[in-house]
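The values are calculated or read from the model by the stated rules, or taken from the named source; none is laboratory data. Remember, predicted model here, so these are calculated numbers, not experimental data. Cβ: placed from backbone, ideal geometry, glycine included. Neighbour counts: every protein chain shown.
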Amino acid sequence: MMHRVAPNGYASLDYPGANVGLIVLPGGAIAVDAPALPADAWAWRQQAMDTAGGPILYVVLTDAHPDRLLCAGLLGAPIVTTREAYEQAAGYTDGYWRSVVDGWSRRYPAAARELADTRVALPEIMFSSRITLSKGGSDVTVEQVNGAAPGSAWVYLSDSNVLFAGDTVTTQTHP
C-alpha cells in the first residue's frame, strides 16, 4: 500500500527487502529504491505511473544492496546512484547474483521462475556528492551520505521536510 508522506511524496513499507518511495513531478515521477521481487516491482511501477499520471523518470538507489538493485531495471527508467555504489554493483559477479536469486527463491518459491529470468540493470547515471534531477520546473536533490553502506545516498524534500534515507534510517529492524 502506498502512503502519502508529503504533497508530492509517497512511501510503501509493504515489500520484502526494501522500503520504496515515490516523488511526483510534473510529467512523471522519481522512484526511490525498488522492490526485490519481480511481481512487486511491476506492481509498484504501475502504481507509481497511475499516481504520477506519467512515467517513472528516474530510479534513485540509496545504495548498491542487491535487494534494491535486483529488480530496479523493471521500473523502466534510468537508474541513478552514487559512483561508489555503482562501482560496488559493477563488481558483483554472475555467481554472486545467482546466490542472491537463489536466496530470494528459497524464501519466495512462487517467484523463483520470475527471479531466474530477471536481468539486473546497472545504474546509468552516477554522481559524487550530489545531483539535482529536474522535470517540469521541479528539482529533486540526491546527496551522498555516510550511511549504512558504502556509497549511500538520500533524497530530501526540503519543502515538505521528508527524507528518503534507505537503510541509513530504519525502524523496528536493523539496517
**Message:** For the range 43-71, give me the residue count where each residue is within 15 Å of Glu114 (Cβ to Cβ) and either crowded, with 22+ Cβ neighbours inside 10 Å or touching a helix residue (DSSP H, G or I) at 6+ places or on another chain (Cβ under 6 Å) (or both).
**Reply:** 4
**Prompt:** Picking from Gly95, Gly137, Gly147, which residue would you name as being surrounded by fewer than 13 Cβ atoms within 10 Å (Cβ to Cβ) and within 18 Å of Pro66 (Cα to Cα)?
**Reply:** Gly95
**Message:** Which numbered condition in (1) surrounded by 15 or more Cβ atoms within 10 Å (Cβ to Cβ); (2) more than 13 Å from Gly17 (Cα to Cα) is the only one that Arg83 fails?
**Reply:** (1)
**Asked** Just checking, how many residues over the range 35-71 are of a type in the set (A, V, I, L, M), assigned to a helix (DSSP H, G or I) and over 18 Å from Gln88 (Cα atoms)?
**Response** 6
**Prompt:** Only one of these conditions is not met by Ser105: (1) more than 21 Å from Ala41 (Cβ to Cβ); (2) of a type outside the set (Asp, Glu); (3) at pLDDT 85 or above. Which number is it?
**Reply:** (1)
**Asked** Does any residue of the range 25-34 turn out to be in a loop (DSSP other than H, G, I, E, B), in contact with a Ser or Thr (Cβ under 8 Å, 6 or more places away or on another chain) and at negative phi?
**Response** yes
**Asked** Somewhere in the range 110-132, is a residue in contact with a strand residue (DSSP E or B) (Cβ under 7 Å, 6 or more places away or on another chain), surrounded by fewer than 15 Cβ atoms within 10 Å (Cβ to Cβ), within 17 Å of Ile23 (Cα to Cα) and of a type in the set (Val, Ile, Thr)?
**Response** yes
